[in-house]
Amino acid sequence: MRNDSRNIKVPVEEIQIRAMRARGAGGQNVNKVSTAIHLRFDILASSLPEEIKQRLLQLRDRRISGEGIVVIRAQRFRTQDKNRADALERLQCLIEKVLSVPRRRVATKPSRGARERRLERKSRRSKLKETRGKIRDL
């Protein structure tokens, strides 16, 4: 597994893949054949760079446990090979998501003209609503 932009490679030895029986519809085949894949990847024990590990751990993703283990269940397809490829691809997408450093937000203030226009709109709206009141005798 690799990403061409930063050459991040995860050795296959660091990924635990286990076949298990899939759940749901599928007829008798679902009871006999272990086609679903259960992938486990320990972020802290991996050979990924420290900054990538930290970004992965900070992700709010239900597939990452509190101990820093990525757990992916793949049972979308009817063959074990396709499910294995699907699980590895999903792990790769998760890692690629944290490769790009998010841009820092630069705090800005509204311009003087924008503030004046906002206040003008507010006062215009206020005057309009004022005219909707009951008619009083003077």
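Every number here is computed from the coordinates shown, using simple stated rules; none is lab data. Since the structure is predicted, the reported quantities are computational estimates derived from the model, not experimental observations. Cβ coordinates were reconstructed from backbone atoms using ideal geometry, including for glycine residues, and neighbour counts include every protein chain displayed.
Can you tell me the alpha carbon radius of gyration of the chain divided by the globular rule-of-thumb value 2.2 N^0.38 Å?
1.94
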Study note, to complete from the structure: Looking only at lysines whose Cα falls under 29 Å of Lys9's and that sit 8 or more positions away or on another chain, we get Lys53, Lys82, Lys97
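Give me Phe77, Phe41 sorted ascending by neighbouring Cβ count inside 10 Å, so fewest comes first. Could you put the intermediate results ahead of the total?
On the way: Phe77 16, Phe41 25.
With the sparsest Cβ surroundings first, the list reads Phe77, Phe41.
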Practice item. Report, by chain and number, residues whose modeled amide H sits under 5 Å from the one on Ile8, excluding near sequence neighbours (fewer than 5 apart, same chain). Key: Asn3
Practice item. May I ask for the angle, rounded to the nearest 10°, between helix 80-99 and the longest principal axis of the chain, with both axes built from Cα atoms and the value confined to 0 to 90°? Key: 40
Check your understanding: How large is the helix-only mean residue ellipticity at 222 nm for the chain, computed as the sum of -39500 (n - 2.57) over DSSP H runs with n ≥ 4, divided by its residue count, in deg cm²/dmol to the nearest 500?
Key -> -12000 deg cm²/dmol
Exercise for review: Please report Glu120, Glu13, Glu89 as a ranked list, fewest other C-beta atoms within 10 angstrom at the top and most at the bottom.
Suggested key: Glu13, Glu120, Glu89
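Explain nothing, just the number: dipole magnitude of the chain about its Cα centre with +1 on each Lys and Arg Cβ and -1 on each Asp and Glu Cβ, in debye rounded to the nearest 20. Intermediate values should be presented prior to the final figure.
Values: 37 positive and 16 negative charges, 321 e Å.
Around 1540 debye, computed over the chain.
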Check your understanding: Once the dipole of the range 2-99 is set up with Lys and Arg at +1 and Asp and Glu at -1 on Cβ about the Cα centre, which of Val33, Leu94, Ile69 lies farthest towards its positive end?
Key -> Val33
Review point. Helix 112-130 versus the longest principal axis of the chain: what angle, 0 to 90°, nearest 10, using Cα atoms?
Key: 60
